[in-house]
1. If you take the square roots of the eigenvalues of the alpha-carbon gyration tensor of the range 471-609 and sort them as a ≥ b ≥ c, do you get rounded (a/c under 1.5), prolate (a/b over b/c) or oblate?
2. Rank-order 456-467, 345-356 by packing density, defined as the average count of other C-beta atoms within 10 Å over each peptide's residues, highest first.
3. Taking a quarter of the surface of the Cα convex hull of the range 347-430, what do you get in nm²?
4. Once you charge only the Cβ atoms, +1 for Lys and Arg and -1 for Asp and Glu, what is the size of the charge dipole of the range 370-458 about its Cα centre, to the nearest 20 debye?
5. Per residue and in Å³, how big is the convex hull formed by the alpha-carbon atoms of the range 401-470?
6. Output needed for the range 427-536: three equivalent-ellipsoid semi-axes, defined as square roots of 5 times the C-alpha gyration tensor eigenvalues, in descending order, whole Å.
7. I want the antiparallel fraction of DSSP beta bridges within the range 370-458, as a percent rounded to 5.
8. Normalised by the empirical 2.2 N^0.38 Å for globular proteins, what value does the Cα Rg of the range 371-503 take?
Amino acid sequence: MKKDKVSGGHGWTIGLLAGIGGLSLLIGLGAVGWGAGKLFQGLRTGEGAVGKACVSVRNHKPAPIPVLTCRVLAPDGSLVPGAEVRLKASHEAIWNGVWTCLDEGRGEIMNQAVKWDAEGKLSGRYDVLIRAAGFAPTLTEIELPFGEPVDFSLIPGRTMVIRLIPSDDRPIPSSLRPQIQLDRIGFIPQADWDASRSKAGQIIPHLRSSALIAEPLGEGTYSLALPPWADRLRVLVDEPGYLRCFLSDAIEVEDQATVDLQLSEPAEMILSLGVDEDLADTLEHPAVYAEIISENLSASVGSLDTEFVKEPRVTEYFAPGDYRIHANIYRRSHTETVNYRFTGTDKVHLKPGEKVEQIVLGSLVSKEELRGDGRAALTILLASGAPAIGVSYEITYSDNAIRSATIAKGTIGDGGVIRLENLKDQGRDETYFVNVDDEYVGHFFFRGTNRWVERSFSLPVSTGDIAPVCSLQRVVDGSVLDLASLRGRVVYLDFWATWCGPCQGPMGNLQGLAERRATSWGDQVALIGVSIDDDRETVLKHLEENGWMAPIQVWAPGGGWKSEAAVLYGLHSVPTGVLIDPMGQIVWRGHPGHGKEDLEAQIEKLLAKRK
């Protein structure tokens, strides 16, 4: 998750930001050939899962995509029709793979996440999630190649019924499938596996809304098969043409067999999207999207082909709440910079039963509109402290109406200083963003009567730099850990925070790696989680609840992004991983799980160089 930042865009995105938390819905307008009726097409993710699965593996050379042959079994050994299987490489942070449905409880899974080794055999460790209507979800880990087929043991589900109560005389659509958000998903150990290679007790928050299936019983009633650890859940209803963005309060599931859930009376929004003639003539085939963001879920609801001078109108029904519309332009041609603004992007408050029409229109912004009497001198330094002479830069402007406008770009000159003149300042929420070598490094703004800004920005340490050293606090007892004391060891730093959703998967993976290699690596390797939370107690509670105490867990005191560790390592987003060799040199930096190579394999290579 990144600090507040607006980046230069290559597209037109209209986003309605819902005040209800983490749901993201996309309304799209673009040259993709869909009709207006598809504009709010819903994207559903089912939930639920199985009991026992036997998996065998075949080499399908010369097929480019590896194939796993699977069968999913109930506790009595019978096949489970309609079971679905999803997997990812254990070191990856995100579940990008799609669900594979096994109609008869058996079938083949083709997945590019599965890798071949040098001998042409399938290899690697993979997290596997299995679900089916009527069963509790199973989440576990496998390793390829198999000597024998592997059985996945199922957890019996606890039955609970959800009954949706309409707010009006419209019947619940038969196509509606509520999404069930669990507070957590537990990693299930396998009795026949080496315990050191399992992730027993691990909690995977980022899977909480993609594991449980709501099985329709008719007339807005659904059956759930809850895992034994489930204590609370929320119900998300997102049905195009009926009700969007409805998220229930937390429901305590203990001893409840049936829950009646009253749906909100929706508000009707009529949204008109368009750009004026001048902007349409400037752009080459732009695409337009509308986005609604709430709690921890993102779902595309379609797009439509349109002429951008016209204003296509779409109608949908949203749960009451506050929404804000944001707009951006995505275009295929980047040969020149186009500065633009949108009107009609004010905050929208939707009341039950209300009908609201919102018109969002894009137009060009002239250079004169971006001129003012502000001045700035920006000094850009390398991580070493030397001036960043000869490095490319771009300065973009943003306010409530103008999403992003480039006002200066070029190459940093003598002294590492960028000098800017005639900058706009109207005393509103203007912000200037500084990007160096295509990376965001900071921002500045004018406030009050001040018309002069002098700032210094440092580029973050990266591959080839010597890793900074600083003092951190061990989460468990507050004792000091000095990074300088780790010289001579391979060190991996995972910068994260408890409030960061995308951080949870990588931290769970780090827990599994620490458990698996603690004995073989010993003191040669230090796997360290570095929290930038505001207080150590919050971190300790979160780690204990999730069972993530195998890595060295430390806290960076000093105020989150302003902590010494965050400043020294130039953090602008989390999670961020940094791998350091025994000589103290950074050999890799990036998003955990997004590297070209498994972290474990990278560490093994560094250890091999010492032998």
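1. Taking the square roots of the gyration eigenvalues as a ≥ b ≥ c, the range 471-609 is rounded.
2. Most protected by this proxy first, the peptides run 456-467, 345-356.
3. Taking the Cα atoms of the range 347-430, their convex hull projects to 8.6 nm² on average.
4. 280 debye
5. 154 Å³
6. Each semi-axis is √(5λ); the values are 36, 17, 15 Å.
7. 75 percent
8. It is 1.34.
Quick note: the coordinates plus some simple rules give every number you see, no bench work behind them. Owing to the predicted nature of the structure, the values given are computational and were not obtained by experimental measurement. Note that we place each Cβ from the backbone using ideal geometry, even for glycine, and neighbour counts take in every protein chain shown.
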